[in-house]
1. Restricting the range 95-123 to residues that are in a loop (DSSP other than H, G, I, E, B) and touching a helix residue (DSSP H, G or I) at 6+ places or on another chain (Cβ under 7 Å), which is farthest from residue 2 (Cα to Cα)?
2. Considering only the range 113-134, state which residues are away from the ligand (no atom under 13 Å from the Cβ) and either at pLDDT 95 or above or on the phi < 0 side of the Ramachandran plot (or both).
3. Among residues belonging to the range 172-189 that are hydrophobic (A, V, I, L, M, F, W, C) and either part of a loop (DSSP other than H, G, I, E, B) or in contact with a helix residue (DSSP H, G or I) (Cβ under 6 Å, 6 or more places away or on another chain) (or both), point out the one that is surrounded by the most Cβ atoms within 10 Å (Cβ to Cβ).
4. Within the group 100, 118, which residue is touching a strand residue (DSSP E or B) at 6+ places or on another chain (Cβ under 8 Å) and either buried (at least 20 other Cβ atoms within 10 Å of the Cβ) or over 21 Å from residue 40 (Cα atoms) (or both)?
5. Against the condition within 16 Å of the ligand (Cβ to nearest atom) and of a type in the set (Ser, Thr, Tyr), how does residue 102 come out, does it pass?
6. Looking at the range 124-157, which of the residues that are surrounded by 15 or more Cβ atoms within 10 Å (Cβ to Cβ) and assigned to a loop (DSSP other than H, G, I, E, B) is farthest from the chain's Cα centre (by Cα)?
7. If we keep just the residues of the range 1-13 that are buried (at least 16 other Cβ atoms within 10 Å of the Cβ) and not aliphatic (A, V, I, L, M), which is nearest to the ligand (Cβ to nearest atom)?
8. For the subset of the range 70-89 comprising residues that are in contact (Cβ under 8 Å) with a residue 60 or more places away in the chain and part of a helix (DSSP H, G or I), which member is farthest from the ligand (Cβ to nearest atom)?
Amino acid sequence: MKAVTLITSSNRHGNTKKIVDRLTIGIEDNGGSNEVLFMDDYNIKYCTGCEACKKGGGCVLDDDYNMLMQKIREADYFIFTAPIFYNDLAGHSKMFLDRLGSLAYDPELEMKEKKTLLMITHISDKINDFVIENTHRCIVTANFKVNKILDVGGLLDKKFEEWELEDYEDIGYELEEYDIIPHKLDLDSATL
Ligand SMILES: Cc1cc2nc3c(=O)[nH]c(=O)nc-3n(C[C@H](O)[C@H](O)[C@H](O)COP(=O)(O)O)c2cc1C
């Protein structure tokens, strides 16, 4: 299995990277690979709502988005990671997700039911369920199928125990086996 991970935290040595490294070990132990990309290394603009994508052909903005999406399209599995800033998904992480709408109007560009792990990281013990469900809903836009959600909190000065990190290796090993998780967002009212 070929996975692509997008880390939207800019922290090269942060908690997200630590966890992703262990997911990678699990994926590799199972004969797969994981290409880890930091969003920071790419030029990603925000969606201007121009609606050109409604004609098909994807997003017309001139940046690295379509190239990144092609990398993800060519993989078997997508891992999306995002930090929480001010009780919500970080703005730059959301910016990436806003652009997913551009794929929804062109069957050639859809993700063909690609299984996906969604990882949210934060220092608090608990964040509002809506944040996770709404992020899940954004990812589903382009026909990604989320089959694992990691809500990783309590990260302030976190020192991981080795057994905790080994659990992430196990998750990496089993990634494709998890059942698809239906999203719970009521689209009409945008409430849970
Ligand atoms: C500007 C900013 C705002 C943040 N706001 C929150 C917050 O409201 N709640 C929370 O639990 N963590 C908050 N955090 C902490 C980040 O979520 C946390 O440091 C990050 O997810 C850890 O991932 P990393 O080590 O991979 O960067 C904030 C961090 C920054 C930089």
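The values are calculated or read from the model by the stated rules, or taken from the named source; none is laboratory data. Only a predicted model underlies this, so the values are computations on that prediction, with no experimental measurement involved. In this analysis, Cβ positions are derived from the backbone assuming ideal geometry, glycine residues included, and neighbour counts consider all displayed protein chains.
1. Going through the qualifying residues, I end up with 105.
2. Answer for the range 113-134, where residues must be away from the ligand (no atom under 13 Å from the Cβ) and either at pLDDT 95 or above or on the phi < 0 side of the Ramachandran plot (or both): 114, 115, 116, 117, 118, 129, 130, 133, 134.
3. In this case the residue turns out to be 185.
4. 118
5. Spelling it out, it is not the case that residue 102 is within 16 Å of the ligand (Cβ to nearest atom) and of a type in the set (Ser, Thr, Tyr).
6. Filtering first and then ranking leaves 155.
7. Only one residue tops the list, namely 9.
8. 74
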